[in-house]
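Visitor: This is the structure, below, for whatever I ask next.
The values are calculated or read from the model by the stated rules, or taken from the named source; none is laboratory data. Quantities reported herein were computed from a predicted structural model and do not represent experimental measurements. Cβ placement follows ideal geometry from the backbone for every residue including glycine, while neighbour counts extend to all protein chains displayed.
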């Protein structure tokens, strides 16, 4: 028995079986699943209403796709394990100093440093939360079927965090003897570095790459 084709521009109340017990969103039944496999004579996709058994059916490559997704996700988590740790320790130091200062100020004023305490708690969870957020971002379904817009990170804050992390790790490596260059030598090296010549060389290299990739006139 052939299935009835449904116009996708009709409301869900016009779907086959709508209004009947157990169909659509009536009662406690699960909503029907739509699959688009054909088009009508106007080129519009025609949905097919699938049953619960068809919707939960595993396809031959589902297991391979899930394994590949996990393999790529584990690679991303390994990168976060290093990058997140590099960013986490400087944030911890700054949060501890801020909370200690706010606690001292609050005790003198008779107030509780709740804002500084919240920042300290979020900073402690920063490294662990990165792994949980990565897994949820890949496998968790968005609430309400809509993906919330990502929060914006200003360029100023990004540069500030990168500079703070670089300064923190430089001081750690310098105090432990891993880096021998003193802060004065480091500043002198940054000032004497040929930034203009390096930028010009990069521009020339990119220009030459595009020139060589562009076919010459008349060669076709």
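Visitor: Is it the case that residue 113 is over 21 Å from residue 76 (Cα atoms) and at pLDDT below 80?
Guide: no
Visitor: Tell me whether segment 150-160 contains one or more residues that are modelled with pLDDT under 90, surrounded by 10 or more Cβ atoms within 10 Å (Cβ to Cβ) and either farther than 20 Å from residue 95 by Cβ or in contact with a helix residue (DSSP H, G or I) (Cβ under 7 Å, 6 or more places away or on another chain) (or both).
Guide: The answer is no; no qualifying residue exists.
Visitor: Of all residues in segment 82-114, which are over 21 Å from residue 160 (Cα atoms) and part of a helix (DSSP H, G or I)?
Guide: Once the filter is applied, which keeps residues that are over 21 Å from residue 160 (Cα atoms) and part of a helix (DSSP H, G or I), segment 82-114 yields 100, 102, 103, 104, 105, 106, 107, 108, 109, 114.
Visitor: What number of residues within segment 73-95 are crowded, with 17+ Cβ neighbours inside 10 Å and closer than 24 Å to residue 139 by Cα?
Guide: 1
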